[in-house]
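Colleague: To start, I am sharing the structure in question, which I have written as structure tokens.
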Amino acid sequence: GAGVSQSPSNKVTEKGKDVELRCDPISGHTALYWYRQSLGQGLEFLIYFQGNSAPDKSGLPSDRFSAERTGGSVSTLTIQRTQQEDSAVYLCASKTSLSSYEQYFGPGTRLTVT
Amino acid sequence: QKEVEQDPGPLSVPEGAIVSLNCTYSNSAFQYFMWYRQYSRKGPELLMYTYSSGNKEDGRFTAQVDKSSKYISLFIRDSQPSDSATYLCATDYFNKFYFGSGTKLNVKP
């Protein structure tokens with residue numbers, strides 16, 4: 001079946017502009033995670049959603065970052081007033097439930113802020 | 001201190017070598033440990049999963065957890081050029097995943 005998809009695959013934006021990154025999880029997966037991967041760094045947890053519960057936003061680095069998940073499926077990560085330090089690969093992952101350990105990752109969105 | 005620390009490498013070995021990849025972690029309460037493999041410009045994929053201490057073997061791969069020293073290892077036997085990738089260790093704690101920075105492995109033919 002279809003895996004996790006993310007769009008766009010690449011995004012170049014000017015400093016100060018807002019960007020939206022999209023994640024389509026695997027159908028039926030109730031848990032969805034967003035991560036950021038900077039050059040030479042591991043994956044940095046940003047936020048996760050589980051079903052209809054309130055998301056865990058504890059990893060969002062600043063109030064410029066926000067995310068939503070509509071209808072328990074598609075998720076959008078929004079970065080407002082982008083800064084050069086926001087340049088990274090943003091990865092989305094989904095899993096069947098919170099009790100499952102196996103995350104399935106999308107290919108990521110490579111964000112470059114000029 | 002980061003929850004999971006990993007030597008970034010890079011590590012370069014000849015084909016057929018035994019590879020040892022290692023991580024340390026900070027919290028003795030961590031019990032679930034994973035190894036992910038990430039090819040260039042791809043998302044990570046789960047390779048191995050272990051719970052608590054001990055060894056787990058899957059083909060050419062062995063994952064090992066030593067809780068007394070807070071040390072996790074991944075061994076790759078008979079390494080192949082197709083194993084060239086970045087390997088990330090991770091732990092799952094109350095539904096949040098903490099990842100090491102990844103070790104880049106290059107297996108030379």
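Every read-out reported here was derived from the displayed coordinates using simple, explicitly stated rules and does not represent laboratory data. Bear in mind that the values here come from a model prediction, so they are computed numbers and not experimental data. Here the Cβ is made from the backbone with ideal geometry for all residues, glycine too, and neighbour counts use every protein chain on show.
Colleague: Which of B:18, B:72, A:47 comes first, and how do the rest follow, when ranked by fewest Cβ neighbours within 10 Å?
Modeller: B:18, A:47, B:72
Colleague: Here is a follow-up. Using θ = phi - 60° and the Karplus curve 6.51 cos²θ - 1.76 cosθ + 1.60, what whole-Hz ³J(HN,Hα) does each residue of the stretch B:52-63 get, with Gly and Pro shown as x?
Modeller: After applying 6.51 cos²θ - 1.76 cosθ + 1.60, I find 6, 8, x, 10, 9, 10, 8, x, 7, 10, 10, 9 Hz.
Colleague: Round to the nearest 0.05 the FRET efficiency obtained for residue A:2 and residue A:110 when R0 = 35 Å and r is the Cβ-Cβ distance.
Modeller: 0.95
Colleague: Next question, about the same structure. Counting pairs of alpha carbon atoms under 8 Å apart in space and at least six apart in sequence, what relative contact order in percent does chain A give?
Modeller: Averaging sequence separation for qualifying contacts and normalising by length gives 38 percent for chain A.
Colleague: Please turn the phi angles of the stretch B:38-44 into ³J(HN,Hα) values with the Karplus equation 6.51 cos²θ - 1.76 cosθ + 1.60 (θ = phi - 60°), one per residue in order, whole Hz, x for glycine and proline.
Modeller: 10, 7, 4, 6, 10, x, x
Colleague: Which FRET efficiency value, to the nearest 0.05, do you get for residue A:44 and residue B:68 by plugging their Cβ-Cβ distance into 1/(1 + (r/R0)^6) with R0 = 25 Å?
Modeller: Plugging the Cβ-Cβ distance into 1/(1 + (r/R0)^6) gives 0.30.
Colleague: How far is it, in nm, from the label point at residue A:20 to the one at residue B:22 when both lie 7 Å from their Cα along the line to the Cβ?
Modeller: Going by the 7 Å Cα→Cβ label model, 4.8 nm.
Colleague: Taking the stretch A:1-74, which GluC sites (Glu not before Pro) meet the DSSP loop condition and have no more than 10 other C-beta atoms within 10 Å?
Modeller: Taking the stretch A:1-74 and a limit of 10 other Cβ atoms within 10 Å, the loop GluC sites (Glu not before Pro) found are A:14.
Colleague: To continue, here is another question. Relative contact order of chain B, please, whole-number percent, based on alpha carbon pairs below 8 angstrom and at least 6 residues apart.
Modeller: Answer for chain B is 38 percent.
Colleague: In addition: Specify, per residue and in Å³, the volume enclosed by the convex hull of the alpha carbon atoms belonging to the stretch B:1-48.
Modeller: 120
Colleague: A further question on this structure: How far apart, in nanometres, would the label points at residue B:39 and residue A:52 be if each is projected 7 angstrom from Cα along the Cα-to-Cβ direction?
Modeller: 4.1
Colleague: Within chain B, how many lysine pairs that are 8 or more places apart, or on different chains, have C-alpha atoms less than 26 Å apart?
Modeller: Counting lysine pairs in chain B gives 19.
Colleague: Can you give me the three principal axis dimensions of chain B from its C-alpha atoms, in Å, biggest first?
Modeller: Here the spans come out as 41, 28, 21 Å, largest first.
Colleague: Only loop residues by DSSP count here, and only those with at most 12 other Cβ atoms within 10 Å; note down the trypsin sites (Lys or Arg not before Pro) in the stretch A:32-67 that meet that.
Modeller: none
Colleague: Does a label point 7 Å from the Cα of residue B:95, set along Cα-to-beta-carbon, have any residues of the stretch B:24-64 with amide nitrogen under 18 Å, and which are they?
Modeller: Counting backbone N atoms under 18 Å from the label point, the list is B:31-32.
Colleague: So for B:48, B:34, fewest C-beta neighbours within 10 Å to most, what's the order?
Modeller: Starting with the residue having the fewest Cβ neighbours, the order is B:48, B:34.
Colleague: Let me ask something additional. For the stretch A:52-67, take each phi angle, set θ = phi - 60°, evaluate the Karplus expression 6.51 cos²θ - 1.76 cosθ + 1.60, and give the result in whole Hz per residue in order, putting x for glycine and proline.
Modeller: Rounded to whole hertz, the list is 9, 6, 4, x, 8, 9, 5, x, 5, x, 7, 6, 6, 9, 8, 8.
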